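Beneath this line is the structure, given in C-alpha cells, with notes to follow.
We did not get these values from a lab; they are worked out from the coordinates using the rules stated. As the structure is a computational prediction, the values presented were derived from the model and not from experiment. No Cβ is skipped: glycine too gets one built from the backbone with ideal geometry, and neighbour counts run over all protein chains shown.
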Amino acid sequence: MDDLRDIKQNEVKLNGISFSNNKSIILIAGPCQIESKDHAFFVCSEIEKITKSLNLKFVYKSSFDKANRTSINSKRGVGIEKGLDILNEVKKKFNCPVLTDVHEAWQCSEVAKVIDIIQIPAFLCRQTDLLTAAAKTKKIVNIKKGQFLSPWEMANVISKVSSCGNKRILVTERGTMFGYNNLVTDFRSLYILKSFGFPVIFDVTHSVQQPGNLKNSSGGQKEFIPLLAKASVTAGISSIFIETHENPNKAPSDGSCMVALSNLKSLLKEIKLFDELTKKKL
C-alpha cells in the first residue's frame, strides 16, 4: 500500500464544516431513530450546548425508518414524510447540518430536498441503484462499510458514487462480523479507507453492537465505546459518529449501544484531546 503522505486527502465542505482527515474532528450525533419533534429538539439542543462548550462542530443525525430491524414487531420510526419534516425543523431551529439514511433509490430525491448528508446503510453498501441515486442528488454521500466487507472492497463501492461525478464522499467504518452475533474493529481498516483519499468516519456506537444476540433485537457492549473512540481518532480521521439518547434503556432501537447524553461531554473531551495530539504539528 502507498504511503498516505503520497495520497491526496480530499476535503468535503458543508456550511462552514470541513470534513478532512487532517483537520479537527467533526461530531455526527443524535438518536438512532426519530421519535418526535420535541424529542429531536431536546437531543439536538443538548448536543449543541455540549459541542459549543468544547468548540466542536457537529452534524445532527437520526433515521426516519429503521428498515433492517431484527424483528417484524420492532419499532421502525415515524416514516419519511414526518421524519423529513422534523429534520427540516431541526435544521432551521439549530442552524446545523442534518444526516439521515435511505433504503430505496426513490427515497434519495425526496430526502435531498431537506438533508445535507445522505447516508447509505452498511447492509446496503453494494446496492448500485441506491448508491447512484444518492450520488446523482449531488449531496454529500456517507457510505457505511458493510460488516461483511473487507476495507479494500470499498474501492468499488466508492467508484459507484464517484462515477456519477459526485466526489462529495465520506466513508464510515462500523465494525466487521466476527462469527455469530458479534462485531470487531480492525483499526488497520481506517488506514486502508484513508488510502482512497476521502474523509473517514468511525461509527463507534454501532461498532460495539452485537447483531441479533437478544433473539428479537440486537445487543451491545457500550463499555468499550470510550476505548474504541479514543483508538480510532489516533488514526487521524475526519469524524466520530455517536448515537446518543437521554435514556438509552428506553430508546426504541439500539439502546444497548448508545451513549447516554449525560456521558457525552466527558467522552467528547477525551476524544478531542486524542484528536488534537494526533494532528498536532510536531
Exercise for the section: Please sort 58-64, 15-21 by packing, taking for each peptide the average over its residues of neighbouring beta carbons within 10 angstrom, highest first. Expected result: 58-64, 15-21
Exercise for the section: For K8 and K265, calculate 0.36 nm times their separation in residues minus their Cα-Cα distance, and state this gained length in nm to one decimal. Expected result: 89.2 nm
Handout entry: Computed helical MRE - 222 nm, the chain, DSSP H runs ≥ 4 contributing -39500 (n - 2.57), nearest 500
Key = -10000 deg cm²/dmol
Fill in the blank from the handout: Simple SL model, points at 7 angstrom along Cα→Cβ for K93 and N22; separation in nm is 3.9 nm
Handout entry: Alpha-carbon Debye profile of region 137-250, log10 I(q)/I(0) at 0.18 Å⁻¹
Key = -0.92
Handout entry: Protection-proxy order for peptides 226-232, 203-209, 134-140, each taking the mean of Cβ atoms within 10 Å per residue, highest first
Key = 203-209, 134-140, 226-232
Fill in the blank from the handout: Pairs over 32 Å Cα to Cα, from K138/K194; K8/K139; K82/K272; K145/K269; K82/K279; K93/K280, come to K82/K272; K82/K279; K93/K280
Handout entry: Residues listed by number, region 234-275, amide nitrogen under 11 Å from K49 label point at 7 Å toward C-beta
Key = 262
Completion exercise
Placing each pseudo-label 7 Å from Cα in the direction of the beta carbon, K113 and K250 end up separated by a distance in nanometres of 3.4 nm
Problem - Calculated over the chain: convex hull of Cα atoms, volume per residue (Å³) - result: 120 Å³
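Using 0.36 nm times the number of residues separating K138 and Y191, minus their current alpha carbon distance, what extension gain do you get?
Once the chain is fully extended between K138 and Y191, it gains 16.4 nm.
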Practice task
Kindly provide the Kirkwood hydrodynamic radius of region 39-136 in Å, to one decimal, from all pairs of distinct alpha carbon atoms.
Solution key: 14.4 Å
Exercise for the section: Provide the percentage of antiparallel DSSP beta bridges, counting only those with both residues in region 4-279; round to the nearest 5. Expected result: 20 percent
Exercise for the section: Mind giving me the FRET efficiency for T234 and N68? R0 is 45 Å, r the Cβ-Cβ distance, nearest 0.05 is fine. Expected result: 0.90
